[in-house]
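Only one structure is covered here, and it is reproduced in the block below.
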Amino acid sequence: MSKMYDIIIIGAGPAGLAAGLYAGRAKMSTLIIEKAKDGGQIAITNEIENYPGSEAEESGPTLMARFSAQAEKFGAEKVYDTVIDVELEGDVKTIKCEKETYQAKAVIIATGANPMKIGCPGEDKFTGKGVSYCATCDAAFFEDFEVYVVGGGDAAVEEAMYLTKFARKVTIIHRRDELRAAKSIQEKAFKTPKLEFMWNSVVEELTGDDLLNRMVIKDTKTGELREYLADPEDGLFGVFVFIGYRPATTVFEGKLEMDRGYIPTDDQMRTKIPGVYAAGDVRVKELRQVVTAAADGAIAAWQAANYIDSMK
C-alpha cells in the first residue's frame, strides 16, 4: 500500500467509468479497479441505439472506450485486479486484491450484475447475433421478426409484452405448464396480441451461420426434440433470455446490507455505511440501462466527494 486515495471505484462498467470521470473532475485522487475489461455487459453489445448522443453505428466497446478515455483525461487511475476482500467500516476503507491492497476514504461499488444464461450450446456464440438479455436495448433490431422469450417470471412476461410492440410474433418458452409471473401480469399477457406460449419446453441448442436462425427445443415431459428454423425471408430470429440476474456482490457478503444479492441505497447512492456507495446494476433498482448506470455513477461520485470534503 503506497498511496491513500480519496475514492476507490470497484468496476469499470458505465457506472464505474462515469463515477471516475466525475470524481476526477472534482479533483479527487481516484482509482478504478476492474477485474477483466472495461464496459461490463455493454462491452459485448454490437449496436447501441438508445444511449443519448451515441454516434452512428455505435457499439458497446466504442462507447465504453470514450467513457474510459474521459475518466483518464480527468485523472482517474485504473488497475486490472480482482477484489478478494474488503473492509468498509471506519474512515479508511481497505480493498484487498489478488495483486495489491488499496486504501481510500470512500468506496463506490459498481460491480454490476450478470444475466443468468440458458447454458446451452451456441448461446455464447450468438450473443449479440440473435441472443439478447435486454429487450429495452435490442427490441428495435427485431422489428417485424419472430422472437422467442425464455422464462416465465414477472420480468420475462413483461419483457415479452414489450417485445410485441416490435416483433411480428413473440413466443414465450417456459419449462413448466404455467407461468410464475404475478396473476395480474399473466392476465394481461394472455390478452396481448402477437404473444404466444410454448409450454413444458427448454432450449437445447442455438445455431446458425453468422446470425441465429436455428433452435432445438426439448419437451420437458416427453423428451422429444423439435427443430425451429427462421423464416427464409428473415434469415434470423431473436431469443431473449430472462431467467434472472446474478449481482456481482459475493465479496461484499457480510460486509454490508444486501437484498437478494443486490445492494440497497438511497436516491443519492449511499449505503448504510458512511463513505460507501453503490452505482449501476449492482443496486436495487428498476431500470438497468447504460444511461441509468452512468447517472448513478455521477451521483455516487458527487456524494463521495462531498463526504470527503466534510471530513476535512
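The values are calculated or read from the model by the stated rules, or taken from the named source; none is laboratory data. This one's a predicted model, so the numbers in the text were calculated from it and none came from an experiment. Because the Cβ atoms are built from the backbone with ideal geometry, glycine has one as well, and the counts that use them run over all protein chains shown. The area values use the complete protein model at the heavy-atom level, side chains included, leaving out ligands, DNA and RNA. Shrake-Rupley method; radii C 1.70, N 1.55, O 1.52, S 1.80 Å.
Odds and ends about this structure:
- Accessible surface ranking that places the most exposed of 162, 148 first, with a 1.4 angstrom probe: 162, 148
- What the Cβ-Cβ distance of residue 204 and residue 80 gives, at R0 = 41 Å and to the nearest 0.05, is a FRET efficiency of 0.65.
- Listed residue (83, 65, 223) projecting farthest to the positive dipole end of the chain, Cβ model: 83
- Centroid-to-centroid separation of segment 294-312 and segment 269-285 [C-alpha atoms, Å]: 11 Å
- Cleavage-rule hits (trypsin sites (Lys or Arg not before Pro)) in segment 76-121: DSSP loop, at most 13 neighbouring Cβ within 10 angstrom: 99
- A simple charge model with +1 on the Cβ of Lys and Arg, -1 on the Cβ of Asp and Glu and nothing else charged puts the dipole of segment 172-237 at about 620 debye relative to its Cα centre.
- Note on segment 50-92 and segment 1-36: Cα centroid distance 8 Å, given to the nearest whole angstrom.
- Cross-link partners of residue 285 among lysines, defined as those whose alpha carbon lies under 22 angstrom from its own and excluding same-chain residues fewer than eight positions apart: 117, 255, 272.
- The helix-based estimate of mean residue ellipticity at 222 nm for the chain, built from -39,500 (n - 2.57) per DSSP H run of four or more residues and divided by its residue count, is -7000 deg cm²/dmol to the nearest 500.
- Charging the Cβ of each Asp and Glu at -1 and of each Lys and Arg at +1, and nothing else, the dipole of segment 147-258 about its Cα centre rounds to 440 debye.
- Only Lys, Arg (+1) and Asp, Glu (-1) charged, at Cβ; the chain dipole about Cα centre in debye: 880 debye
- By the Cβ-Cβ criterion of under 4.7 Å, the unpaired cysteines of the chain are 97, 120.
- Span-like helix ranges in the chain, DSSP H, alpha carbon extent 24 angstrom or more, Kyte mean at least -1.0: 290-311
- The distance between label points at residue 36 and residue 234 comes to 2.9 nm (points 7 Å beyond Cα on the Cα→Cβ vector).
- Pair residue 55, residue 266: separation of 7 Å Cα→Cβ label points (nm): 4.0 nm
- Between residue 65 and residue 224, the simple label model (points 7 Å from Cα in the Cβ direction) yields a spacing of 5.0 nm.
- Estimated FRET transfer efficiency (residue 309, residue 257; beta-carbon r; R0 25 Å; 0.05): 0.45
- For the chain, the fraction of 1.4 Å probe accessible surface lying on carbon and sulfur atoms is 49 percent.
- Ranked by the mean number of other Cβ atoms within 10 Å of their residues, highest first, the peptides 50-56, 214-220 come out as 214-220, 50-56.
- Residue 114 long-range amide H proximity, modeled H, under 5 Å: 246, 248
- Of the residues 145, 114, 126, the one whose Cα sits farthest toward the positive end of the charge dipole of segment 74-187, with +1 on the Cβ of Lys and Arg and -1 on the Cβ of Asp and Glu, is 145.
- Global form of segment 236-312, assessed from the alpha-carbon gyration tensor, a/c cut-off 1.5: oblate
- Label zone at residue 125, where the point sits 7 Å out along the Cα-to-Cβ direction: segment 209-243 residues whose backbone N lies under 12 Å: 209-215
- Note, ³J(HN,Hα) from phi for segment 86-101, Karplus 6.51, -1.76, 1.60, rounded to Hz, x at Gly and Pro: 9, 10, 9, 6, x, 6, 10, 9, 10, 10, 8, 10, 5, 9, 7, 10
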